[in-house]
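Only one structure is covered here, and it is reproduced in the block below.
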Amino acid sequence: MRMGVVGLGMGLHLAVWAARAGIDVVAVCDREAEPRRRARELLPGAVAVDRWQDLLDPGHRLDGVVLANDFDAHAPLATAFLEHGVHVLSESAACASAEEGRALVEAADRSRATYSFAENYVLHPHVRLLREAVEAGEVGRISLVEADYLHGMSPEARTALIGDPAHWRGRIPPTAYCTHSLSPILAITGARPVEVTAFGVDESSPREASTMVVRLSTGALAITRNGFLQGESDSHWSWVSVRGTRGLAESVRAGGDRAWSVRVRQEGWTQEDGVTREEERVPPPVTLDGEPLERGTEGTVLLLRGFRDTVLHGAPPLVPVRDAVAASLVGVAGAESLAQGSRPVPVPQV
């Protein structure tokens, strides 16, 4: 499989892991010279260019491309590559508006290639365990789901990251980067987001963090917390909790490797002997070249393996285009809710 990469920040990280997973990274792109130089060091066989349009050249013979350019600028590139029959793995927001989302879905439907969302949080160890517990019926019908994607940072570090309007972090609304919390919720529940009400967490610093209350198509409620708050989880800044009609399954709030484990509680009234069942489950390891991976990299490797299987063997995308657009449009509708004083706003149905 021959792959290109656009954007050599997170894109270079994904490219290196793709090469380790047996994918041939043949072309990379970044506007800046230093990332291209670094890529040539780590991927000596790859051609480095400064215009993403150059990767559309048939001479590269790309089977797939990873889009890791600016957070809010993925949809036009994804549409272009799909129109050229190149499979797309898009990292971060799928779209920045309902119009972009509709165009992206239509392009994916027309194309002989596929669109996959590079949502490794759906594949992290604790989320995999939660999905297994839900699919086994252990928690019953889902009533409430909560998910955090939070970073603990100093005020100086936060200002440097979100205070520069020339950087994408400085121009997106505080609700926009919600896909790492929403995508696991949608994967676990199999639901679509219907309506969102968004709140700024701290009125004295409204851009730093948001909370969104999302009504799902199943009737359940989802609550997400996104942005910069202290006390982040060791499980790659992610914590997820699922409450159902029969019990609870949630990430363990602990440090170190236990943060990737899951606590499952089934109420006594659901058991024949009337005894409450509660246990802590440890996720099985994922290996590469016969060696177990670090927990924080498992989702990335599984994501890249899934993309390879989609491209080479026709496997369904792990996170397909409609799920990607749905998660991204929650952030768009959330921004509208904030602008309207935290009024409920329908999520566009694409």
Item to complete: From GLY268, GLY219, grab the single residue that is within 30 Å of PRO284 (Cβ to Cβ) and without any contact (Cβ under 8 Å) to a residue 24 or more places away in the chain.
Response: GLY268
Worksheet item: Hey, among VAL301, VAL240, which residue is in contact with a Pro (Cβ under 6 Å, 6 or more places away or on another chain), surrounded by 18 or more Cβ atoms within 10 Å (Cβ to Cβ) and not polar (S, T, N, Q)?
Response: VAL240
Worksheet item: Looking at this structure, is ALA48 modelled with pLDDT of 95 or more, aliphatic (A, V, I, L, M) and either closer than 16 Å to ALA19 by Cα or surrounded by fewer than 21 Cβ atoms within 10 Å (Cβ to Cβ) (or both)?
Response: yes
Response to the item:
Going through (1) out of contact with any Ser or Thr (no Cβ under 6 Å at 6 or more places or on another chain); (2) at pLDDT 95 or above; (3) in a loop (DSSP other than H, G, I, E, B) one by one, ALA191 fails only at (1)
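Conditions tested, residue by residue: (1) assigned by TED's automatic domain parsing to the domain that holds ASP50; (2) among the charged types (D, E, K, R); (3) out of contact with any Cys (no Cβ under 8 Å at 6 or more places or on another chain); (4) under 24 Å from VAL264 (Cα atoms).
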| position | (1), (2), (3), (4) |
| --- | --- |
| HIS74 | yes, no, no, no |
| THR79 | yes, no, yes, no |
| SER90 | yes, no, yes, no |
| SER143 | no, no, yes, yes |
Worksheet item: Can you pull out the strands (runs of 3 or more DSSP E) entirely within segment 229-283 that have at least 2 residues that are within 27 Å of ASP202 (Cβ to Cβ) and not aromatic (Phe, Trp, Tyr)?
Response: 238-244, 247-251
Worksheet item: So which residues in segment 213-234 are more than 11 Å from TYR149 (Cβ to Cβ), in contact with a Pro (Cβ under 9 Å, 6 or more places away or on another chain) and of a type outside the set (Lys, Arg), if there are any at all?
Response: VAL213, VAL214, LEU216, SER217, ALA222
Discussion item. Which count do you get for residues in segment 70-91 that are surrounded by 24 or more Cβ atoms within 10 Å (Cβ to Cβ) and under 18 Å from GLU32 (Cβ atoms)?
Written reply: 1
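Results for (1) assigned by TED's automatic domain parsing to the domain that holds ARG171; (2) touching a helix residue (DSSP H, G or I) at 6+ places or on another chain (Cβ under 7 Å); (3) closer than 27 Å to GLY314 by Cα; (4) buried (at least 22 other Cβ atoms within 10 Å of the Cβ), shown as yes or no for each residue.
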{"residue": "TRP17", "(1), (2), (3), (4)": "no, yes, yes, no"}
{"residue": "ARG20", "(1), (2), (3), (4)": "no, no, yes, no"}
{"residue": "CYS29", "(1), (2), (3), (4)": "no, yes, yes, yes"}
{"residue": "PRO35", "(1), (2), (3), (4)": "no, yes, no, no"}
{"residue": "ARG40", "(1), (2), (3), (4)": "no, no, no, no"}
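Quick grid of which residues meet (1) closer than 29 Å to GLY334 by Cβ; (2) in contact (Cβ under 8 Å) with a residue 24 or more places away in the chain:
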residue: ALA48; (1), (2): no, no
residue: ARG51; (1), (2): no, no
residue: ALA68; (1), (2): yes, yes
residue: HIS74; (1), (2): yes, no
residue: LEU77; (1), (2): yes, yes
residue: ALA98; (1), (2): yes, yes
residue: ALA107; (1), (2): yes, yes
residue: ALA113; (1), (2): no, yes
residue: ALA118; (1), (2): yes, yes
Practice prompt. Considering every residue within segment 61-71, establish whether at least one is of a type in the set (Val, Ile, Thr) and more than 14 Å from PHE307 (Cα to Cα).
Written response: no
Worksheet item: Does VAL264 qualify as being within 25 Å of LEU129 (Cα to Cα), buried (at least 20 other Cβ atoms within 10 Å of the Cβ), at pLDDT 95 or above and β-branched (Val, Ile, Thr)?
Response: yes
Worksheet entry | Residue satisfying condition, being at pLDDT below 95, of a type outside the set (Gly, Ala, Ser) and exposed (fewer than 15 other Cβ atoms within 10 Å of the Cβ), within set PRO165, PRO173 | PRO165
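The values are calculated or read from the model by the stated rules, or taken from the named source; none is laboratory data. Please read all numbers here as calculations on a predicted model, not as lab measurements. As a convention, Cβ positions derive from the backbone with ideal geometry for all residues, glycine included, and neighbour counts pool all protein chains shown.
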